[in-house]
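Working notes, beginning with the structure itself.
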Amino acid sequence: MQSLTNRSKVVVNKEMSFGERLYLPAVFQGMWITLKHFVRALIKGPNTVRYPEEKRSFAPIWRGWHVLKRDEEGRERCTACGLCAVACPAEAITMVAAERQQGEEHLYREEKYAAVYEINMLRCIFCGLCEEACPKEAIFLTDRIVPADYVRQNFIFGKELLVEGIEPDKRIDVSKRQKHLTEKQAPPA
Amino acid sequence: MFLLFTTALLLEKSILVLALFTVTLGVAAYATLAERKVAAAMQDRVGPNRTGPFGLLQPIADGVKFFMKEDFMPNSAERWLYILAPGAFMFVACMTSAVIPWGTELTLFGRPVALQVADLNIGILYILGFTSLGVYGVMVGGWASNNKYSLYSAIRASAQMISYELAMGLALIAVVMLTGTLSLREMAEQQAGLNWNVWYQPLGFLIFFVCALAECNRAPFDMAECETELIGGYHTEYSSMKLGFFLFAEYINMFIACAVIAVVYFGGYNFPGLDPSWLGGLMGLVVMLAKTFFFIFVFMWIRWTLPRFRYDQLMQLGWKTLVPLAMVNMLLTGTFVLVFES
Amino acid sequence: MTLAVFLTLAIASIVFALLMVLTKNPVHSVIFLLLTFFAVAGQYVLLNAQFLAVVHIIVYAGAVMVLFLFVLMLLNLNTEAEPRQTARWKLAAALVSGMLMLTLVGTLRAGAALPIPENTDPHVGLVQNLGKVLFTDFVVPFEMAGILFLAAMVGAVLLAKREIR
């Protein structure tokens with residue numbers, strides 16, 4: 001079989017030579033390796049990321065906590081068509097549709113909207129099929145991690161946890177994800 | 001006049017003992033931090049950095065934590081021996097530092113002050129004696145906990161200590177033959193400049209170093225407390241400050257062992273250009289501590305490099321390699337002394 | 001001052017020795033024997049024989065008692081496992097120890113008649129003097145004992161060696 005790397009060594013159970021039985025060469029070899037790491041860490045600093053202060057950037061393909069987007073005027077994009085719920089292989093999405101009333105035009109973009117929109121985060125497998133199914137570009141998976149909790153009930157995320165804020169600073173940027181999705185749907189010729 | 005002299009001597013020694021005690025405890029406390037930092041650096045990590053700048057308050061936080069924890073005692077433990085063991089371990093560890101010469105004589109307030117608590121004419125034997133007592137803390141603690149892992153650990157520790165003490169003593173005999181003295185101060189004085197014993201006793205030094213590792217229960221010889229097999233060994237059942245005493249005393253032991261190595265083989269406070277002035281004496285103290293810290297680093301370096309020995313390998317190394325080698329070393333040294341000194 | 005220290009150590013050694021005999025638990029006995037050794041070592045130090053004191057501690061406290069403890073820990077110390085002590089056994093034990101006691105008392109009585117040597121040189125116990133005496137007056141027994149120990153050590157290593165096929 002061809003090896004994947006050229007680092008593999010064939011194990012031989014032969015008698016050790018005197019030099020090998022002294023163990024000291026092997027000991028010094030090992031100590032040289034740790035010393036190299038020690039000196040490297042002293043000069044260049046460690047390889048680790050100091051997590052709470054320093055965060056690793058997410059890859060564009062990262063799929064985390066969903067967001068329900070608003071349009072430029074702050075109206076919810078979702079029209080409660082139910083395609084996401086149909087596409088969901090884990091059946092994590094449920095919604096209740098309602099008709100937009102007079103005077104609610106600044107809240108909902110379409111005439112029909114989702115009065116209730118729930119994603120069960122315990123069921124969700126973060127596959128991203130909902131965003132591909134969405135015709136209104138309303139739902140996206142973001143690079144936020146769904147936090148842990150003690151109670152199952154708290155994992156059913158309603159609209160208050162899914163819809164982004166109206167204020168410009170509360171909007172959630174999904175441009176990276178959007179770009180990735182368009183590239184994926186229309187592969188470069 | 002005589003009374004004044006004795007009072008001054010008593011005061012001087014008390015201050016010295018107090019200072020030595022503080023320094024020993026301080027070094028042991030910060031050795032715990034240093035160990036974690038060294039380990040981190042060798043594994044490309046950061047190590048403790050949450051308490052204070054660079055984690056410098058970590059030992060204090062650890063100490064506070066140890067004091068605040070619940071002091072749990074197993075129901076089936078042998079009550080008095082269980083309490084006695086950590087104290088005995090700590091006491092023995094602290095006692096050994098008394099005979100180590102930390103520097104030359106300084107002249108303070110017009111009288112010579114030796115930086116050594118007691119210049120016993122049998123200093124090296126005193127250290128051997130007290131290290132051999134160190135095992136009682138482990139044994140009694142392990143037995144009194146009434147736990148099978150602790151008992152295993154106690155048995156291992158005792159066998160290991162006895163085996164390695166033998167090779168250690170034989171390695172030291174060669175040095176004693178060479179220097180003709182058992183006093184650590186005289187040994188240090190003989191190694192003026194760079195005339196260190198290690199140049200004459202490279203094999204002896206290697207044997208002594210390995211045995212020191214084993215006597216301190218340090219990796220790769222930490223058979224008595226190997227976490228993976230004996231889940232902590234003799235201190236499995238200990239908690240709170242009793243556990244703290246055990247762990248702390250181990251670092252004190254390491255500090256003292258490194259100081260002994262520095263004095264016996266690496267000239268102690270000697271360095272080329274040591275002058276008898278006040279400043280020179282202080283420099284000697286610094287050099288002595290630097291050598292000690294270097295060996296503490298080597299101890300840690302070894303711990304984070306080498307895997308633990310298996311128990312039978314440990315005994316093989318001790319009895320079939322180190323003891324015969326030490327005997328050969330002793331014979332060679334004897335011949336050397338005979339040929340060159342007559 | 002010296003007398004007070006001597007008395008303290010003497011009483012301590014007697015008390016610990018008695019406790020060592022009287023305690024039921026063998027491990028406690030070992031600990032008390034250890035304390036007795038320390039008291040005796042203290043007496044050596046009072047006699048300005050530090051070398052003897054330290055060697056006493058290294059050999060007896062550091063090695064022999066560790067081995068004792070080692071063996072005791074391997075034993076099963078349950079009360080049910082204790083051997084039966086019948087009246088006959090007790091009688092035999094009392095007889096033997098009584099005879100030992102008689103011998104000791106007799107020796108002490110004979111020894112009391114000997115003149116106590118006037119110790120004029122307080123440095124007789126120091127390493128230098130001890131070494132001189134050992135390597136001049138007692139060189140043959142000393143070397144014999146040394147060879148005996150060396151042979152024992154080499155023998156132990158040999159016993160531990162695997163069978164040569």
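The values are calculated or read from the model by the stated rules, or taken from the named source; none is laboratory data. Keep in mind it's a predicted model, so treat the numbers as computed, not measured. Quick reminder, even Gly has a Cβ in these numbers, built from the backbone with ideal geometry, and neighbours come from all protein chains shown. We work out accessible area using only protein heavy atoms, side chains counted, and drop any ligands, DNA or RNA first. Shrake-Rupley method; radii C 1.70, N 1.55, O 1.52, S 1.80 Å.
Worth pointing out:
- Buried accessible surface for the C/B chain pair comes to about 2600 Å², total over both chains, computed with a 1.4 Å probe.
- As a calculated quantity, the FRET efficiency between A:THR5 and A:HIS180 at R0 = 30 Å, using C-beta atoms, amounts to about 0.45.
- Around the Cα centre of chain B, unit charges on the Cβ atoms of Lys, Arg, Asp and Glu (plus for the first two, minus for the last two) sum to a dipole of about 500 debye.
- Convex hull of Cα atoms in segment B:233-342, direction-averaged projection (nm²): 11.5 nm²
- Whichever lysines have a C-alpha closer than 30 Å to that of A:LYS69, once near sequence neighbours (fewer than 8 apart) are set aside: A:LYS55, A:LYS112, A:LYS136, A:LYS159, A:LYS170, A:LYS176, A:LYS179, A:LYS184
- Between the helical axis of B:58-68 and the longest alpha-carbon principal axis of chain B there is an angle of about 50 degrees.
- Average accessible area per residue (Å²) across chain B - probe 1.4 Å, nucleic acids and ligands excluded: 43 Å²
- With R₀ fixed at 35 Å, the C-beta to C-beta distance from A:GLU99 to A:ARG123 puts the FRET efficiency at about 0.80.
- Three-way shape call for segment A:67-189 based on the alpha-carbon gyration tensor, with the a/c threshold at 1.5: rounded
- Surface composition of segment B:10-126: carbon and sulfur make up 73 percent of the accessible area, probe 1.4 Å.
- Rg/Rh ratio calculated on Cα atoms of segment B:1-88 (Kirkwood radius): 1.18
- Our coupling estimate for segment B:195-212, obtained by passing each phi through the Karplus curve with A = 6.51, B = -1.76, C = 1.60 and θ = phi - 60°, is 7, 7, 5, 5, 5, 8, 10, x, 5, x, 4, 4, 4, 4, 5, 4, 5, 5 Hz, Gly and Pro reported as x.
- Per residue, the solvent-accessible area of segment C:1-77 (1.4 Å probe, heavy atoms of protein chains only, all protein chains present) comes to 55 Å².
- Spacing of the modelled spin labels on B:ALA61 and A:LEU24, each 7 Å from Cα toward Cβ, amounts to 4.2 nm.
- Of the residues in segment B:275-322, those shielded by at least 40 Å² of accessible area once partner protein chains are present, compared with the chain alone at a 1.4 Å probe, are B:TRP301, B:THR305, B:LEU306, B:TRP319, B:LYS320.
- Where labels lie 7 Å past Cα in the beta-carbon direction, separation of B:PHE21 and C:HIS28 in nm: 3.1 nm
- C-alpha long axis of helix B:2-42 to longest principal axis of chain B, angle in °: 50 degrees
- Mean separation of Cα contacts under 8 Å, 6 or more apart, over the residue count of chain A: relative contact order %: 22 percent
- Rounded percent of accessible protein surface that carbon and sulfur make up, segment A:66-185, 1.4 Å probe: 51 percent
- List of segment C:32-53 residues, accessible area with partners at least 10 Å² below that of the chain alone (1.4 Å probe): C:LEU34, C:PHE38, C:GLN50, C:PHE51
- Between segment A:100-152 and segment B:3-53, the C-alpha centres lie 59 angstrom from each other.
- Cα centroid separation, segment C:140-154 to segment A:30-78: 69 Å.
- Nearest-20 debye value, segment B:1-134 charge dipole, Cβ charges on Lys, Arg, Asp, Glu: 280 debye
- Taken as Cα centroids, segment B:178-213 and segment B:289-342 sit 12 Å apart, rounded to the nearest whole angstrom.
- Take A:LYS176: with every protein chain present and a 1.4 Å probe, its accessible area is about 110 Å².
- The modelled label-to-label distance between A:LYS36 and C:GLU143, using points 7 Å beyond Cα along the C-beta direction, is 5.5 nm.
- Accessible surface of A:ASP149, taken over heavy atoms with a 1.4 Å probe and every protein chain present, rounds to 70 Å².
- With respect to chain B, whose longest principal axis is taken over its alpha-carbon atoms, helix B:323-341 is tilted by about 0°.
- Per-selection Rg to Rh, the protein assembly as shown - Cα, Kirkwood hydrodynamic radius: 1.14
- Among the cysteines of the protein assembly as shown, those whose beta-carbon sits 4.7 Å or more from every other cysteine beta-carbon are A:CYS78, A:CYS81, A:CYS88, A:CYS124, A:CYS127, A:CYS134, B:CYS94, B:CYS211, B:CYS216, B:CYS226, B:CYS258.
- Average beta-carbon neighbours from other chains, 10 Å sphere, peptide B:151-157: 2
- Here the protein assembly as shown is assigned +1 on the Cβ of each Lys and Arg and -1 on the Cβ of each Asp and Glu. Its dipole about the Cα centre then comes out at about 1080 debye.
- Taking chain A as a Gaussian network of alpha-carbon nodes connected by springs under 10 Å, the highest mean-square fluctuation of the residues A:GLU131, A:GLU54, A:GLU91 belongs to A:GLU54.
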